[in-house]
Every structure is written in C-alpha cells, then in structure tokens.
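The values are calculated or read from the model by the stated rules, or taken from the named source; none is laboratory data. These numbers come from a predicted model, not from an experiment. As a convention, Cβ positions derive from the backbone with ideal geometry for all residues, glycine included, and neighbour counts pool all protein chains shown.
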Amino acid sequence: MNLVEMLYNASVEFGSKESLRYKRTGRYHSLTYSELWQSIQQFASALQTHGVRTDDKVALFATNCPEWVICDYAIQWLGGVVVPIYPTIPAPQVEFILKNADVKVAIVGDQSSLNKLIGVWPEVLRKVILIHGTPQNPGPEILAYDDVMQDGKQTVALLPDFHAIPETKMCTIVHTSGTSGTPKGVMLSHQNLVSNVKGSLSLLPVQRTDISLSYLPLSHIFERTVEEYAMLSSGATVVFAEDIESIQQNLMETKPTILVTVPRLLEKVYSGVQVKINQAPRPIRALLRKGIHDSKSLGLTYRLVDLLVYKKVREGLGGQIRAIVSGGAGLGKEIAEFYMRAGIPIYEGYGMTEAAPVITANPFGASRPGTVGLPIPGLELKTAEDGELWVRGPNVMLGYYGCPQETAETVTEDGWLKTGDIAVVNPDGYVRIVDRKKNILVLATGKNVAPWPIENNIALSPYIAEAVLIGDGRQYVTCLIVPDFAALTSLVQSFGGESDPAVLISHLQVQMFLANEIARAVALFAPFEQPKRAVLVPVKFTLEAGELTPTLKVRNMVILQKYGHLIEDMYNGKAYIPIFAPEESASAAGGGNDPHALKLPRWKKRVLASVLVMLLAAGGIEAATGNVRIPKNLNLIAMIRTIHSNNDKINTVNSKIVGNMQQISDLSGITSNIGQQLHTLNQGVAGNDQSLSDLNNLSQQEVALSTSFVSLANSLHTNLLKISNSSNAQSQSVSTMLSQMNQLSASAAHMTQVNQSIAGKLSTATQETGTIAREMP
C-alpha cells in the first residue's frame, strides 16, 4: 500500500466526517474527508498540467494549513518527490536544500517565504506557486495557488492510477535538523512511512472521534507522520493552530483529545506551575510542593493539589485531553510523572528521520515515564558494544540523497541503522535513551559524561530556560545557562528592580540564586558530572539565529562556536559563577590566580574578626548588665537565644503531643464492648490529626526561618569579607549588611507570629484531646 491509497481508503470510509479544521479571519472552517480528497485530485491534475512528472522534486515551503496537506498528497499521486522546508529557516539554508535535492518546483506559503528564493530563482527553479496572497511579480514562472487549482478542473480524468505507485518508490526527501553538522537529505519510501504509521497505531490507537491540534511544523517528519498520515488514516480530525503564540487560545477553542508535541511546551507549562507555587503563601507552598512531588500523595493533600494545580493544567489544555504524544527530543521523567499525576497520560516515543521516524513508543495504558517505550511491531533492536542503539525494519530509510558514503556509514550491508544514540534496553523491552553518542563529553581525566540528563535536570528550574554542558577534553564540567527572564521578573523587585536581561544577570544576588538552583539540580549526580562553573547568557536561543532546530533542540555546535570566548574566559578563571570547587588542582583552574577565590589580606580578616567580636561582645554585655542598648537587628546573641528558645518550645510541644497520642492509642484496645466509643474516638483523632498536621507545618516554618537566619548570617559574613580600604566600597558593604540585618529582624518577627500560631494550634489539639477523653467510658 502507498500513502495515497491509505488516504483514499479513509475518504471512502469517513467521507462526510470532518478531516481538517483551520482558522482564518477569526473564523473556523473545515473540510470533510470527501472534500479533502476532491481537492487533492484537482490539484494533482493542475500540477500535471503545469509539467510536474514522476520523480520531479517539489519543495513545500509553508506553515501548517490545509493546502500543505493537499499539495503533499497531490505531488505523491503524480509519482513526485516532496521536499519539505521549514518556514522559519534563513535564506542560505533554503538555498542549500533546494540545490541539494535538485528541486525544480517550489510551493511557498507567503510573500516573505517567496523572498527567500530570490537567490536561486530562476537559476534553479522553473516554477513557483504562492499559496497565500497574490504574487508581487506574477508571470508564467510565479503562479497563485487558487489560479493553479482552477487549471485542474478540466483534466482530472487524465490523472495516472495512484494504485500503481510502487510502495518501494521514494516519495519524500526530508533534511535532518543538523544539530551537529550539515543537514543531509533522507530519502523515504511509501513503504517506510506506511509501515511506520501502522506500527505506531498498534501501540497508540487513534479513534475516529479524536481531535488533534497540530502546531509543530509539518516539515518535520514526526508531525507529518503522526498528524497527517496516522490521524487522517484513522478518521480523526486535525485542527491547525493559528501560530505558536495562539496555542493556548486554540486549545481552549478546539478542546482536542490528543496533543502531539515536543518536550519544550510541556516544560514551559511545568515551569509556569513552579513559578506560581513559589509565589504562594509559605504553608500552601510547602503543601503543594509535597503533593506534586510525592507520587503516593492521597486524600486531602491530593484533592487540594488537584483543585489548585492539576485541574487548571487540564483546563489549560482544553479539558478533554486523553493522550499527549511527546517526541522530537527527550522528556524528563519528573515532568512526565507530573502530567500523569495530573490525570493527563503522557506517551513518550523515540525516533529519527532516518527511521520514518518512530522507532519506539510507550503503549496506550502502559506508559512508563523515564523510558521511550517499546519498539513498534516489525522492528528489531540491538545495542552495539559501545551502547549505540541499532534498528532494522521496513521503516529504515533508502539512504541519504546524493551521499552514498554517508549512507554506507549509517546503514550496514545487512540493513541495520546506526541511530547514533546510546541506549539501554530493559529485559522487558522498554528502552531508555542515555544521550547522543556525539554529545558524550570525554573529560581529560578519561571519564565520560552524558550531558542530556544533567541539562534536563537543570532546566527543570522555572528560572532556567536552557542549559548546555561543556567539558569535552577539559579537566571538569561547566555549563552555559540561559535564564528564563520572564520567570525571573518575579524576583526582580528583590534584586534591584532591573528588567534588562544583561543588567539583571549582573546582580550578585541573581547569580547566587541561579548558582543555588544549578547546585540543587545536579546534587544527585556524580561529582565529576556536576558543573563546577557557569556562565549566564543574556539572550535566549532562537530559531532565527540558528541556535535551535525546528523542534526546539539546541544546536550544540552553533552554541559552542558562538560563545567560545565566554567558555574560554570561564575556564581561564576570568568571568564565571562558581557552583562547586573544581576537583582538580588549582593549576588546572587557571594557574591558581583565580580572582573569584576569597583569599583576603590578613588585615581584612582582622577587620572582619573585630566587627564580629564587637557585635557579639555588645550583645553579651547587654545580656549580662542590661546597661548597653544596641538595635535589635544587630543583637546577634539575643537573636540566637530566641531561636534556641523557640526550638526548645517546639520540642516540648511535640513531646506532649506524642504523649497524648500514645494515651489515645492505648485506649483503642480496651475491649470490643466500646466499638461505638471507638468510632467517636476515630472522628476526634481525625480532627486532632489535622491540628497536629497544622502544627507540624508551623514547626517546619520555624526550621525554615532558622535556615533563613543562617543563610542571612552567611551572607553577612560574605559582605564583611568584601570590606576594602576604599571608603565607597565600605559604605556599600555596610549598607548591604544593615539591609540584611533588617531582614534578620523581619525573620525574628515572623518567628514570633509562628510561635503564636503554634500556641493556638496546641490549645486546639489539647481541647480536642480532652473531648476525646470525656467521650471514652
């Protein structure tokens, strides 16, 4: 079977059902399966009239729209070869693809895309068709889509028989995204794609009642195979999003049941949730964090998290999602589990253009976060000695167009495709991808580091958009960090009110905050895998700058070249944020002359010691005699004494509660004759448990405040170290110190409020315990 036959069968079975839906001039329009088939038939006839023949290469250079689908099938009907081009890539890349694939006809979306063809038209192209709008310079070589469509009305009967198209015939040339080198044209046949569609649907079945929102570019083989081929062959409805900025609105309008996406969208939603949680009041914040990260969270906690978080996520996706299919890049396990707990099943798959593209997928109803699922039926998998995943099956490409040597290096003589990915295949068949083989960092120490898991963990922070690990041939690992500047705006007021990215990341407080985010994210990795230093990049990576692929993966080679000077400065100890101390000797970090190392002159250490001694002495004298009066926010001894006192009170309260609960527990086993009283007891215990839970939360707040005090004291210590013989520098450091002392005072006041709350909760717990005791026989 070929792709045209597959759609024809769907048009016969689902003729009057909606196939495509799209929005123009503020209104939704649609095509039934019968109307879609008729449009394909008519446009194929028109292309034939304008000279398109078997094996002709025709470029599709447009955003997602019904015309894209119509053109794709029409070209294949004539035995032509479709060459998709991402609408966002710059003109030089467009020119490269057109020449590399020997394209003679180009179908473009709009005038801006047409302008990118100036360098190769009419030298390379013999005809251009403009889908939207009227050509500025119309002529025999530049035609409007609507005019061409009209030309096909009279010649439909002369079309060739699409049933006669061999399944082994090449139908498309898809260029790889080129994350690590020059894009190559992957030749795929009808058999490659049809077998992939059938295998994928066996693991993730699509129903005729399904609605899928398409926002990824159809130029990418993942979106094209899943949305255009799999969905339409199953009788589902595909809705085209207006653009990337309108996805949220389109989700609410169309209420899809299936969303095909890349991890970036899921990560953005997750990060947004984290930012909102961070802005919540402290008790609610702690509860939400526990509920979200605890897979065993049940009862009241889960209901609260569901009401405040999960329900809003479901509604934000339209409220009807039954499955999210994620591919194109790796999805972090934590993010997948978050959506699963929210009642949104995530089915992560894995593939590559050379495999048409799906290789593995998590089966419907048996998704396993942290893996990319099982191989689709008909595929064989094995791992080479170095851990590289090899694949063999009917979906493996015909080869790279015009590149026989590269083809031989990628596909063995007996048909095994070398994926270039390091993978682990579990005994039950589930596959886990470690990283790209080319991305593995080989340190100068001989140790190997897989960057993706570490980069992914770092990017889980809502304040970090991108993380790129560096370390190949180096003594230790470092990283480039692109902050999420939108999320950081919630912290701007605390860090000086700056909104300019370059100024914002120059603040010491921001740098320390992000360094802490990185340190927490990588804490569970081996020491040699942890980045020791970081550089903050003041601009986000973009498609337009060539830093991201169309599926929003980082082009590592581009980034390493573009920011090479920052990387060298970081390793030379000139400009960086310290995360951990490098494990190697000082010479490996720049000859031991690291300006960031806090090696103060002896006189500065004496000043520091003197100031601390004076503060402690003043506090001690006031405590002993009562004659000295120093500001509360500078009386360190009094503050420390208060903290110890509060902690003692908490311990006393907790001991009493434990005693009360033990008494209640003893009463529960008296005799079977007091069953009714035990029922009353259980109700009372439930109320007491709630009070105890509140009290425990308040205790945790007390500990958090103590931790905050220690953090502020450490920060004070750091500022005192920075006092120099410059009067201006001293004034600034002292000012900062006083500001932080005010924060200490505020923390102490907050602790007083917490203690009052503790007293209230203890009183409530005591009353409820008394009530229980009175109700017992």
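Worth pointing out:
- Residue in segment 125-177 that is farthest from Asp110 (Cα to Cα), counting only those that are touching a Leu at 6+ places or on another chain (Cβ under 6 Å) and of a type in the set (Val, Ile, Thr): Thr172
- Flag if Val482 is assigned to a strand (DSSP E or B), more than 30 Å from Asn395 (Cβ to Cβ), touching a helix residue (DSSP H, G or I) at 6+ places or on another chain (Cβ under 8 Å) and of a type in the set (A, V, I, L, M, F, W, C): no
- Matching helices (runs of 4 or more DSSP H) fully within segment 288-394 where at least 1 residues are of a type outside the set (Phe, Trp, Tyr) and free of Cβ contacts under 8 Å to residues at least 12 places away in the same chain: 299-305, 311-316
- Residue within segment 34-47 that is in contact with a Ser or Thr (Cβ under 9 Å, 6 or more places away or on another chain), more than 16 Å from Leu159 (Cα to Cα) and free of Cβ contacts under 8 Å to residues at least 24 places away in the same chain present: yes
- Helices (runs of 4 or more DSSP H) fully within segment 532-630 counting 1 or more residues that are modelled with pLDDT of 90 or more and within 26 Å of Tyr463 (Cβ to Cβ): 556-562, 564-571
- Verdict on Tyr73 being hydroxyl-bearing (Ser, Thr, Tyr), surrounded by 22 or more Cβ atoms within 10 Å (Cβ to Cβ), more than 25 Å from Leu251 (Cβ to Cβ) and touching a residue at least 60 places away in the same chain (Cβ under 8 Å): yes
- Within segment 395-447, considering residues that are small (Gly, Ala, Ser) and in contact (Cβ under 8 Å) with a residue 12 or more places away in the chain, the one farthest from Thr353 (Cα to Cα): Ala444
- Candidate set: segment 1-44, residues that are small (Gly, Ala, Ser) and in a strand (DSSP E or B); chosen: the one surrounded by the fewest Cβ atoms within 10 Å (Cβ to Cβ): Ser30
- Between Val424, Val477, Val482, the distinction of being touching a Lys or Arg at 6+ places or on another chain (Cβ under 8 Å) and surrounded by fewer than 17 Cβ atoms within 10 Å (Cβ to Cβ) belongs to Val424 only.
- Test: residue in segment 274-281 that is buried (at least 21 other Cβ atoms within 10 Å of the Cβ) and more than 29 Å from Tyr28 (Cα to Cα): no
- Glu227 satisfies every condition listed in (1) modelled with pLDDT of 95 or more; (2) out of contact with any Gly (no Cβ under 8 Å at 6 or more places or on another chain); (3) under 26 Å from Ile292 (Cα atoms) except (3).
- Any chance Glu227 is without any contact (Cβ under 8 Å) to a residue 40 or more places away in the chain and either buried (at least 19 other Cβ atoms within 10 Å of the Cβ) or not aromatic (Phe, Trp, Tyr) (or both): yes
- Restricting attention to segment 136-182 and to residues that are of a type in the set (Ser, Thr, Tyr) and assigned to a loop (DSSP other than H, G, I, E, B), the residue that is modelled with the highest pLDDT turns out to be Thr168.
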